[in-house]
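Heads up: the structure comes next, in structure tokens.
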Amino acid sequence: MINSVKYTFVALAVAALASIATAQIATRPVTWVGTNNLNSFLTPLTAQQTTDFTAAGVNISSHGTVPLPASFVQGKPVPPVWFNPLGGSINVMFLGESAGWKNDLGYVLNPLSSNLSDSSVYNPLVVNIDSVTSGTPANGTLVNNTQATITYGAGQNLDVFLNGVGDGNSNGGTWFAFGTPNQFAGADNTIHTKFEYANIAGLSTLIVAFEDARFNQIDGDFSDVIVAFQGVTPPVPEPSTYGLIGAVALLGMVGIRRFTRKA
């Protein structure tokens with residue numbers, strides 16, 4: 001199981017962390033600028049999920065200053081067992097944010113085969129995050145306690161990022177939930193996530209909280225954006241696996257026929 005997890009989330013060692021100290025480093029890619037209405041988090045959490053997350057102390061009001069529970073650990077979480085190298089799907093749940101910046105949230109597939117300094121490999125889920133506690137998403141707003149599904153294929157690596165775009169005076173960066181190094185962040189190699197595992201509505205859940213500014217400029221609340229991850233589908237078998245299943249089924253049918261004839 002440990003080897004499977006390592007296979008799915010190989011640590012990404014990528015160079016080219018380039019920029020100057022006074023610039024707004026994590027500039028939003030040009031293709032994202034006009035996507036304020038982009039919002040994949042349309043499905044609300046169930047009432048039980050919302051109750052359980054609230055009980056865990058991780059639901060926060062938009063632009064609030066609610067601290068994380070003391071049980072959260074700073075660092076990169078070890079991916080849960082439901083991330084499978086054969087592929088599958090996960091639910092990404094947006095719980096809330098306290099950031100003053102309008103950041104971006106998204107994911108990267110197969111980052112090892114791409115140049116992470118190329119913005120085209122990033123898949124945004126929402127741009128210009130400005131969360132609200134309830135209502136209908138519009139013009140870049142993102143309703144708390146909503147979720148989206150990400151599907152990944154056999155052998156693909158998956159990571160989720162927060163793009164801290166800065167405000168012209170303070171510099172952000174692109175921070176990843178799992179094993180990926182910081183991007184567009186100058187010399188900042190510090191950890192920008194805290195995490196906790198929890199049982200939410202009977203399912204193993206990983207909760208990740210992001211800090212969106214560089215460590216020489218942050219407030220250190222680690223609640224700028226809080227998301228959770230749950231597995232939702234079994235792994236997708238490879239074509240060779242289907243062939244093996246078919247062969248076993250055929251042998252079983254032959255065995256049943258022989259047994260029936262003898263009987």
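Some points to look at:
- Pairing residues of segment 185-212 that are under 20 Å from residue 105 (Cβ atoms) and among the charged types (D, E, K, R) with residues that are surrounded by fewer than 18 Cβ atoms within 10 Å (Cβ to Cβ) and modelled with pLDDT of 85 or more, at Cβ distances under 6 Å and at least 6 apart in sequence or on separate chains, gives 194/74; 196/71.
- Condition check for residue 65: exposed (fewer than 14 other Cβ atoms within 10 Å of the Cβ) and either within 29 Å of residue 200 (Cα to Cα) or at pLDDT 70 or above (or both): yes
- Test: residue 84 is part of a strand (DSSP E or B), under 18 Å from the mean Cα position of the chain (by Cα) and either at pLDDT below 80 or not basic (Lys, Arg) (or both): no
- Index of the failed condition, residue 73 passing every other in (1) modelled with pLDDT under 85; (2) surrounded by fewer than 20 Cβ atoms within 10 Å (Cβ to Cβ); (3) within 23 Å of residue 223 (Cα to Cα): (1)
- Test result for residue 142, at pLDDT 85 or above and either part of a strand (DSSP E or B) or touching a Pro at 6+ places or on another chain (Cβ under 8 Å) (or both): no
- Of 129, 150, all but one fail to be closer than 19 Å to residue 89 by Cβ and crowded, with 19+ Cβ neighbours inside 10 Å; the exception is 150.
The values are calculated or read from the model by the stated rules, or taken from the named source; none is laboratory data. This is a predicted model, so every value here is computed, not measured. Note: ideal-geometry Cβ built from the backbone for every residue, glycine included; neighbour counts use all protein chains shown.
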